[in-house]
1. Could the peptides 344-350, 140-146, 186-192 be put in order, highest first, of the mean number of other beta-carbon atoms found within 10 Å of their residues?
2. So how strong a dipole does the chain carry about its Cα centre when Lys and Arg Cβ are +1 and Asp and Glu Cβ are -1, to the nearest 20 debye?
3. Taking a point 7 angstrom from the Cα of Ser349 along the C-beta vector, which residues in the stretch 106-143 have backbone N less than 19 Å away?
4. Grab the other residues whose beta carbon is less than 13 angstrom from that of Leu42, score K and R as +1, D and E as -1, and report the net.
5. Tell me whether the stretch 246-367 comes out rounded, prolate or oblate; compute the Cα gyration tensor, take square roots of the eigenvalues as a ≥ b ≥ c, and use a/c under 1.5 as the rounded threshold.
6. Answer with one residue from Pro330, Val30, Met235: the one whose Cα lies farthest towards the positive end of the charge dipole of the chain, charges on Cβ with Lys, Arg +1 and Asp, Glu -1.
7. Would you mind calculating the relative contact order of the chain from Cα pairs under 8 angstrom and at least 6 residues apart, reporting the percent as a whole number?
8. Can you show me the helix-derived [θ] at 222 nm for the chain, built from DSSP H runs with n ≥ 4 at -39,500 (n - 2.57) apiece and divided by the number of residues, rounded to the nearest 500.
Amino acid sequence: MTVQSSRVIAARRRRSSGVAEDFDGRRLAVARRLACMPRSDLARHVGVSPAAVTQYERGLARPTTIVLTRIGLALGMPREFFSRGLDIPEVRSSTAHFRSLRSTPANRREQALAFGELALAVLDLIERYVDLPPVRLPSVDLPAQPSEADIANAAHLARRELAVGAGPIPHVVRLLEARGVLVVRLPAEGFDPRVDAFSSSETASERPLVLMSPLKDDKARSRFDASHELGHLVMHAGVEPGSTVIESQAMSFAAEFLMPAAEIEDSLPTRVDWERFHALKRHWGVSLRALVYRAHKLGRLSDLSYRRANRQLKLWGYPEPGPLGPPESPSVLGAAVELLEQSGTRLSSLAEAARIPLESLHAVVAAGRGDKPRLTIGI
């Protein structure tokens, strides 16, 4: 038997086995990316061509029932997940501001985006039963080539519009959630540690998304990350992500948002005074490294003192001395689920109605509260 004839026979068998009538290609795309599996690998596992997988995902064709069963086994998802159910919003990679864009493989970024999409779908599901905070974020139109003063003004506007008074911000992550941003922390297991925090203001659900890194187990760093992503949401809607210029702008925004120059400049030391830096760290809730950078940026530390301080910080390594405690964690998803359960609505019922595995639902909810999330993908 020739190779061509065997392929013809295999194709006839697939056709005779019946086409899956209830099939959602969008869900296949989410499941494949969650499993971090290229189309070519999935095609090899289930016995079809990579082009066929592309057609399935785009809704141009449907797999047979046999192929769909193989897809479920290969991706560790029950067959019901691929049926039409709760819509899973898309977050396009062209709208996501990844801080680690160049150091992270594209498939790992897509895996993180798929988790974010699943989180948005779960939030949409919960919002049918619980009133959640509406989206109320300021927006700043920067000039074509913004100056440091323009970025600082954007941070001042954000503090004013978000009703942040003078002094340290008590909880940056809760502030974002109160203004309608979905904040979740990526699971530590199964995801590439090189995927840093990222955000997108242009999601299909019209709710901004911020995903935090699970590895930055430190309050100061989580606060700076959240402020950095807020900078993208406020300043960079519609701006192509990925450039060092855009990331530098978000970094400057975070520094001014957390440590307004007018409030902190006079208290910054003019020499490397670690006792003073530690006191400022505790007060403002930022890292020593951020304070040293801020002191140099505002002209309080000379170039020589700045280099000397950074050498010492490098010797200390991470975590740096004087930890502030656990990272700031989101709470909206966890609080909403508690309300549902108190009213008698079980997560298992929601999972069944939405055709989402209960384990995946639990992983998303855990990512949206203080628990350390865990996502298990079976093969």
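1. Packing proxy ranking, top to bottom: 186-192, 344-350, 140-146.
2. 1380 debye
3. 122-131
4. Charge balance near Leu42 sits at +3.
5. Prolate, because a/c is 1.5 or more and a/b exceeds b/c.
6. Val30
7. Worked out over the chain, it gives 19 percent.
8. -16000 deg cm²/dmol, from helical runs alone.
Read-outs throughout are calculated quantities, based only on the coordinates presented, and are distinct from any laboratory measurement. Predicted model, so just to flag it, every value in this text is computed and none were measured. Counting neighbours? That spans all protein chains shown, and the Cβs are built from the backbone with ideal geometry, glycine included.
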